[in-house]
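The values are calculated or read from the model by the stated rules, or taken from the named source; none is laboratory data. Just so it is clear, the structure is predicted and the values come from calculations on it, not from any experiment. All Cβ positions, even for glycine, are placed from backbone atoms using ideal geometry, and neighbour counts span all protein chains on display. With ligands, DNA and RNA removed, areas are computed over all heavy atoms of the protein, side chains included. Shrake-Rupley method; radii C 1.70, N 1.55, O 1.52, S 1.80 Å.
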Amino acid sequence: MPDSLLLLALVLLPFAGAIVAGLLPTHARNAAAALAGGVALTALALVWAAYPTVRAGEVLRAEFAWVPALGLTASLRMDGFAWLFAGLVSGIGALVVLYARYYMAQEDPVPRFFAFLLAFMGAMTGVVLAGNVIQLAFFWELTSLFSFLLIGYWHHTAAARDGARMAMTITGAGGLALFAGVLVLGHIVGSYELDAVLAAGDRIRDHDLYLPALILILLGALTKSAQFPFHVWLPQAMAAPTPVSAYLHSATLVKAGVFLMARLWPALGGTDAWFLIVGSAGLITLLVGAYIAIFQNDLKGLLAYSTISHLGLITLLLGLNSQLALVAAVFHILNHAAFKASLFMAAGIIDHETGTRDIRRLSGLNRSMPFTARLALVAAAAMAGVPLLNGFISKEMFFAEALTADSPMGLMNILPVAAMLGSAFSVAYSLRFIHGAFFGPPATDLPRSPHEPETWMRLPVELLVLTCIMVGVLPAATVGPFLAVAVAPLLGGELPYYSLAVWHGFNLPLLMSVVALAGGVLLYLALQRRLRQGLERPPLLGRLDGQRIFERSMVFLSWRLARRAEGVAGTRRLQPQLRAIVGAAILAGAATVWWRGVGPGNLPPSPVDPVLALVWLCGGACALGAAWMAKFHRVAALILLGGAGLAVVVTFVWFSAPDLALTQLTVEVVTTVLLLLGLRWLPQRMPRPGERGPEVLTRTRRLRDLALAVAAGGGLAALSYAVMTRVPPELLAQHFLARAYTEGGGTNVVNVILVDFRGFDTLGEVFVVAAVALTAYALLRRFRPAPESIGLPDQQAQSEHGVAGAAVTTRGAMRDGADWLLVPFTLTRLLFPVMLIVAVFLLLRGHDLPGGGFSAGMVVAIAIILQYMIGGTDWTEDRMRLRPRLWIGGGLLVASGTGLAALAFGRPFLTTYFGYADLPLIGQVPTASALVFDIGIFALVVGATLLMLVALAHQSVRAHRAAPRPPAPAEAARAPAPLVAAEER
Amino acid sequence: MELVVALAIGVLAGSGVWLLLRPRTFQVAIGLALLSYAVNLFIFSTGGLRTGAAAILERGQEGSLGQFADPLPQALVLTAIVIGFATTALLLVLLLAARGLTGTDHVDGRERDR
């Protein structure tokens, strides 16, 4: 199998499995487990297949183009170290899957569990195999995300939610720091490729930015590996199902931190800063974790703190800047994974079979579950570092390193003592685990009567414990070659001399081991009484409650500080917000002018034409009038708004923009009708006679707003004058003008830009229009008018033709007999076909001459709305069956279909084809595919405009039905007319 | 000529901003319409003011900026007009719905506390 395929499969397979598992039915636990197990075993097989390559000291690589423009490639690489971790992830993963199959309860949604687990496995593999530091940071954050989901799997319990949130907050924040760190690192090296980074160690260490990069990256690694003072999340994460703990806290999540430190050891390690930060964090964590672990009453809590302590040990070894210590660290990573996973599983079995994990309640399980007891005993002995087990050998190496470590400023002279102390603590808590749970008199008050678990559930533990023994007895034969393969790439291919043997003769490390073992036993015996009392928190360090500190700071940040900031800067009122936006815009504009200044333009102003000046005298007056009238005289304001709009239209015509003028004119009509329809539902507002002028407060507000308005208007005027009097040397327009016909096949350049060059914009825009129309329609379906505007408007109720006035809403028969508005009624009916023809005309010629789908659609909509206005809703709907939503859907389909059709010819989306067709009578018609696109836009515009207008118009029909009508003789004689309103319920 | 158009833009924008800051929803709707006139004109004006030079080519012609007005701002403004229409319509429907729901036409959905 080619390397690239193997690596890709290794990363993608778990994610694919996760998706499939997520789609399984809720209670398909066997299927989900089989799937997850299959994926994990396949991954393991793939890892094994890569062994010959990595043993030869070669690196498997795979590269994929990612963002070529930025020089970024997505690359995967697997050297011996990555190989070891990939094996750990998939191997322990397979065991955990088997264990979880029997651990998870019948009522849990198990496929979801396996989906998360597989996704996590994929993310972890991604971290391990990333060939690029940005990718590494990406997968790193993915592991945080999926561990969040896994820890919070039992999301109905508060502990799980809190634990998940805490883990996410701390490791996620660390991940962000890591991301910043690798960016700095990439900046130093000039490449984000891991190979380049690892090769540039000296350059990195000498660089000015070394320290910031180091601190940021270590923040990521230390939070992930739960090093002091970031260790607080790990004990809380014990709320997760035990298989998750076994997986996350033995071989994967927390090991990602030490993985990263070891990975970047050649690039970042070897300096005093590295030693000080990594070494001291490791040392403190080793001691504090082990000490607190002794006093835990929860089996999993004990294992959690012991995990913290062992991670501290590994971190300390990595911090010592010695090659042998690095070997010991990698070795201990392996050993810890084996014994800790089995211990977590054992704790899970106890919990599963007895219903509790409290050491104070458990006792004497040796009788009821002897086999599990022996397995746990061996694993715990390995954890304590008892000879002939794997933990012993790596601990010996640690002691040897502790004795020989040379450190700046002699800081590590205490190291041998500290090492012994930590080791003694670990003996004590291992004893507590075993003695508390399995020995003593049989417990009487357990929730369930304990018995041995199912054979298959125990199998993973058996395999792991077997590993512990094998490695412990025959280290060089079993784990030796793998360790060599893993360590070699970190040390540049050269291995230091080390001996993996159980017996090294009588030497100082052995003596230290004996002292630690004896000390641990004595310590446990001495503490017996205190432990029996059931302490809630460890003595001395009990006050250092990380969880409370964390939660307090969270409350402060996300609640108190946020509330205070909101109180200072926030408001729910719209006006201050708008004021702030407008003010900020003015300030931004003014600041730019202040800093950069404005020079004279390079275009002489053209002479003023009195006609246009006059037009704008009216237009400006209209705008000011609209602003003045909008409060009390809405119709007047609307008319004045139309006046200003017309002035804009004239300006467009004047300055060579016929398309704009056409569009603006039609939009103007439709907008006015829309607003007119809406006016009816707004409350009446009249200046109260005899009232004194506005209050002082109101007056100051108005003055302030006036100042803002004047500043904004004046600023924009100055800005546009400045823009108009200068012309840039290069304009994009040149390109469009030159190619509109030769490549777009149309002579109307604006239209060609819209439907061809920038067709994607137009497509997006029509989707927006469609969405707006549907939103308006949906909002109006649930529309409830205010009570006082339900009744007939005064004009209709009081008019002489009270009934005729209401005829707008009643059956068409009424319309035919009535003579009101007869002339416009006849005229609009006559105009209707003319307008449709104009619309078709505009549509067809759009590509070459002013026109196009949008204005054509607007014209059709106006033609129909005219019928509505004059003929009345019912009269029109009796004669025309409008289906606005079909028009919208059809339009979108045609427009996107035209774009997609280009794909069928092997061209990019929305590429157009053009030619001319000779039609009889009509002559040459451009038949660019852009025309079809334009037809789609046309249909959509017709549909969207009608949908909104008709929906709004129908509100009156609805309201009239609800409103009590004045009794009218003609109406009384008639049977109550059923109303049409096809769109209504 | 530039001065006239610039002043027109200024007056439209000023009236628009004034209305935007008013408390009644209808005022805001009219203000938004006025402001979009101003902005559209402004974008349009960035292409320069040319008379009698609409960007309509002859068949087969390669146009140049010497002969024709700049079509790009025009295309942008055309899109802006359409979107402006859509937002005005949406705003109108929203303000009607809000009026029905809250019983007032104040932009905050309730009258200002005095």
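With A:264, A:219, A:214, A:234 as the choices, which residue is open to solvent by 10 Å² or more (accessible area, probe 1.4 Å) and aliphatic (A, V, I, L, M)? Walk me through how you get there before you give the answer.
Details: A:264 fails: open to solvent by 10 Å² or more (accessible area, probe 1.4 Å); A:214 fails: open to solvent by 10 Å² or more (accessible area, probe 1.4 Å); A:234 fails: open to solvent by 10 Å² or more (accessible area, probe 1.4 Å).
Within the list A:264, A:219, A:214, A:234, the selection yields A:219.
Among the numbered conditions (1) crowded, with 17+ Cβ neighbours inside 10 Å; (2) within 8 Å of chain B (Cβ to nearest Cβ), tell me where residue A:673 comes up short.
Single failed check for residue A:673: (2).
When only residues in segment A:282-295 that are touching a residue at least 60 places away in the same chain (Cβ under 8 Å) and among the aliphatic types (A, V, I, L, M) count, which is surrounded by the most Cβ atoms within 10 Å (Cβ to Cβ)?
Start the filter on segment A:282-295 by keeping residues that are touching a residue at least 60 places away in the same chain (Cβ under 8 Å), which leaves A:283, A:286-295.
Subset that is among the aliphatic types (A, V, I, L, M): A:283, A:286-288, A:290, A:292-294.
Details: A:283: 24, A:286: 30, A:287: 20, A:288: 22, A:290: 26, A:292: 27, A:293: 27, A:294: 25.
Residue satisfying both the conditions and the ranking: A:286.
To keep it simple, each residue is scored yes or no on (1) open to solvent by less than 30 Å² (accessible area, probe 1.4 Å); (2) in contact with a Phe, Trp or Tyr (Cβ under 9 Å, 6 or more places away or on another chain); (3) in a helix (DSSP H, G or I); (4) under 20 Å from residue B:87 (Cβ atoms).
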residue	(1), (2), (3), (4)
A:745	yes, yes, no, no
A:764	no, no, yes, yes
A:770	yes, no, yes, yes
A:775	no, no, yes, yes
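Scan segment A:648-657 residue by residue and report those that are at the interface with chain B (Cβ under 7 Å from one of its Cβ atoms) and either closer than 16 Å to residue B:34 by Cβ or over 45 Å from the mean Cα position of the chain (by Cα) (or both).
Those that are at the interface with chain B (Cβ under 7 Å from one of its Cβ atoms) and either closer than 16 Å to residue B:34 by Cβ or over 45 Å from the mean Cα position of the chain (by Cα) (or both): A:648, A:651, A:654, A:655, A:656.
Go through segment B:78-93 and report how many residues are closer than 20 Å to residue A:682 by Cα, at the interface with another protein chain (Cβ under 7 Å from one of its Cβ atoms) and open to solvent by 10 Å² or more (accessible area, probe 1.4 Å).
Our first condition is that a residue be closer than 20 Å to residue A:682 by Cα; within segment B:78-93, this holds for B:87-93.
Going one step further and asking which of them are at the interface with another protein chain (Cβ under 7 Å from one of its Cβ atoms), we end up with B:88-90, B:92-93.
Filter once more, keeping what is open to solvent by 10 Å² or more (accessible area, probe 1.4 Å): B:88, B:90.
Final tally of qualifying residues: 2.
Name the single residue that is farthest from residue A:898 (Cα to Cα) among those in segment A:752-765 being more than 8 Å from chain B (Cβ to nearest Cβ) and under 29 Å from the mean Cα position of the chain (by Cα).
A:764
Give segment A:911-930 a look and list any residue that's within 46 Å of the chain's Cα centre (by Cα), surrounded by fewer than 24 Cβ atoms within 10 Å (Cβ to Cβ) and either at pLDDT 85 or above or not in a loop (DSSP other than H, G, I, E, B) (or both), or say none.
A:929, the sole residue that qualifies.
For segment A:425-460, how many residues meet the condition of being over 29 Å from residue A:519 (Cβ atoms), of a type in the set (A, V, I, L, M, F, W, C) and assigned to a helix (DSSP H, G or I)?
We begin by selecting, within segment A:425-460, every residue over 29 Å from residue A:519 (Cβ atoms); these are A:442-460.
Remaining after also requiring of a type in the set (A, V, I, L, M, F, W, C): A:443, A:446, A:456-457, A:459.
Filter once more, keeping what is assigned to a helix (DSSP H, G or I): A:456-457, A:459.
Result for segment A:425-460: 3.
Pairs, please: C-beta under 6 Å, at least 6 apart or cross-chain, first residue under 14 Å from residue A:262 (Cα atoms) and in segment A:214-228, second aromatic (Phe, Trp, Tyr)?
A:222/A:230
Residues being under 42 Å from the mean Cα position of the chain (by Cα) and more than 30 Å from residue A:532 (Cα to Cα): count how many of those fall in segment A:459-484.
We begin by selecting, within segment A:459-484, every residue under 42 Å from the mean Cα position of the chain (by Cα); these are A:459-465, A:467-468, A:479, A:482-484.
Retained after the next criterion (residues that are more than 30 Å from residue A:532 (Cα to Cα)): A:459-460, A:462-464, A:467-468, A:479, A:482-484.
Within segment A:459-484, residues that are under 42 Å from the mean Cα position of the chain (by Cα) and more than 30 Å from residue A:532 (Cα to Cα) number 11.
Which of the residues spanning segment A:354-377 are surrounded by 22 or more Cβ atoms within 10 Å (Cβ to Cβ) and assigned to a helix (DSSP H, G or I)?
A:354, A:365, A:372, A:375, A:376
For segment A:296-341, which residues satisfy the criterion of being closer than 27 Å to residue A:492 by Cα, crowded, with 24+ Cβ neighbours inside 10 Å and hydroxyl-bearing (Ser, Thr, Tyr)?
A:315
If a residue counts only when it is hydroxyl-bearing (Ser, Thr, Tyr), which helices (runs of 4 or more DSSP H) contained entirely in segment A:195-309 have at least 2 such residues? So that I can check it myself, show each step before the final result.
Numbers: elements: A:201-206, A:210-224, A:233-236, A:242-248, A:253-263, A:265-268, A:280-294.
Here the list reads A:210-224, A:242-248, A:280-294.
Which one is surrounded by the most Cβ atoms within 10 Å (Cβ to Cβ), of the residues in segment B:41-62 that are within 7 Å of chain A (Cβ to nearest Cβ) and part of a helix (DSSP H, G or I)?
Per the stated criteria, the residue is B:44.
Suppose we filter segment B:66-77 for residues that are within 7 Å of chain A (Cβ to nearest Cβ) and either open to solvent by 40 Å² or more (accessible area, probe 1.4 Å) or not in a loop (DSSP other than H, G, I, E, B) (or both); how many remain?
Kept after step one, since they are within 7 Å of chain A (Cβ to nearest Cβ), are these residues of segment B:66-77: B:68-72, B:74-75, B:77.
Imposing the further condition that a residue be either open to solvent by 40 Å² or more (accessible area, probe 1.4 Å) or not in a loop (DSSP other than H, G, I, E, B) (or both) reduces the set to B:71-72, B:74-75, B:77.
Count: 5.
If we only count helices (runs of 4 or more DSSP H) wholly inside segment A:814-899, which ones have 2 or more residues that are surrounded by fewer than 18 Cβ atoms within 10 Å (Cβ to Cβ) and either touching an Asp or Glu at 6+ places or on another chain (Cβ under 7 Å) or modelled with pLDDT of 85 or more (or both)? Explain how you work it out, then say what you get.
Numbers: elements: A:822-845, A:853-871, A:873-879.
Answer list for segment A:814-899: A:822-845.
Which one is nearest to the other protein chains (Cβ to nearest Cβ), of the residues in segment A:703-733 that are in a helix (DSSP H, G or I) and open to solvent by 70 Å² or more (accessible area, probe 1.4 Å)?
Filtering first and then ranking leaves A:721.
Table: residues versus (1) in contact with a helix residue (DSSP H, G or I) (Cβ under 6 Å, 6 or more places away or on another chain); (2) closer than 30 Å to residue A:532 by Cα; (3) at pLDDT below 90.
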residue: A:258; (1), (2), (3): yes, no, no
residue: A:263; (1), (2), (3): no, no, no
residue: A:285; (1), (2), (3): yes, yes, no
residue: A:330; (1), (2), (3): yes, no, no
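Looking at segment A:608-641, which of the residues that are more than 7 Å from chain B (Cβ to nearest Cβ) and part of a loop (DSSP other than H, G, I, E, B) is surrounded by the most Cβ atoms within 10 Å (Cβ to Cβ)?
From segment A:608-641, those more than 7 Å from chain B (Cβ to nearest Cβ) are A:610-611, A:614-615, A:617-618, A:621-622, A:625, A:628-629, A:632-633, A:635-636, A:638-640; that's our starting set.
Then keep just the ones that are part of a loop (DSSP other than H, G, I, E, B); that gives A:632-633.
Details: A:632: 13, A:633: 17.
Restricting to residues being more than 7 Å from chain B (Cβ to nearest Cβ) and part of a loop (DSSP other than H, G, I, E, B), the top hit is A:633.
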